[in-house]
Amino acid sequence: EITRYGKSAIVSMNALENLNRTADIVGGAAASGAGAGGKAKASAPPPKKEDPLQHVRHMLNAGQVVQWWQKGDRKPAHLLCSADLRSIVWQEPGARKKLGAMDLGTIVAVNLGVGAGHKKKTFSRKTADPDCSFSVISARSSLDCEASVPIDAKKWVDALKLLLKIYRTQPEAL
């Protein structure tokens, strides 16, 4: 009889554990009515907080090669966020030599379209594509970039705006 109760307890514990795993995967829903009379809630780990940057975190960390505009001229640069997501960094694509960085606390706006730094030099034939261009404007300077396709520019603008919002409202979520 003791063996039967022990086996029943093990089956119940395994079922509760599987239910908790499923709830975590589905979105952290609480395991209600698990059959243990509320004991599952006492032993269950606290629900995980949803990551507000979940769908853009990889893009921000991995970055993308864009055209960086400076003084009317463009050159390729790898645009990404720092590991702690508290600054935007642009560097040479192959050598990883840092070309510049901008702290999120100094950023005033992120705009889609041609910015002041996208203006071409007087005799240059190069012009920025307004559909692929975006600017990150800080208190002292701006970072003017051009993605290869318009959808990438929009993704960067949306991701950076979301990052700024989270930085200002929920910095612990970074």
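The values are calculated or read from the model by the stated rules, or taken from the named source; none is laboratory data. Keep in mind it's a predicted model, so treat the numbers as computed, not measured. For neighbour counting, all protein chains shown are included, and Cβ atoms are generated from backbone atoms with ideal geometry for every residue, glycine included. Note: accessible area is taken over every heavy atom of the protein model, side chains too, but ligands, DNA and RNA are not part of it. Shrake-Rupley method; radii C 1.70, N 1.55, O 1.52, S 1.80 Å.
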- Can you give the accessible area of Trp68 in Å² (nearest 10), computed on protein heavy atoms with a 1.4 Å probe? 20 Å²
- Of Lys119/Lys165; Lys71/Lys97; Lys97/Lys165, those spanning more than 24 Å from alpha-carbon to alpha-carbon: Lys119/Lys165; Lys97/Lys165
- Message: At 0.36 nm per residue, and after removing the present C-alpha to C-alpha distance, how many nm does the segment from Arg140 to Ala116 gain when stretched out fully?
- Response: 7.3 nm
- Message: I'd like the accessible area for Ile2: 1.4 Å probe, protein heavy atoms, all chains in place, Å² to the nearest 10.
- Response: 150 Å²
- Task: Within the set of other residues whose C-beta is less than 15 Å from the C-beta of Ile151, count the net charge using Lys and Arg as +1 and Asp and Glu as -1.
- Result: -3
- Message: Could you report the accessible area of Val149 in Å², rounded to 10, computed with a 1.4 Å probe on the protein chains as they sit in the structure?
- Response: 60 Å²
- What order do Glu92, Glu1 take when sorted by accessible area (1.4 Å probe), most exposed first? Glu1, Glu92
- Relative contact order (percent, whole number), the range 124-174, Cα cutoff 8 Å, 6+ residue spacing: 26 percent
- Put Ser141, Ser148, Ser87 in order of accessible area, largest first, 1.4 Å probe: what do you get? Ser148, Ser141, Ser87
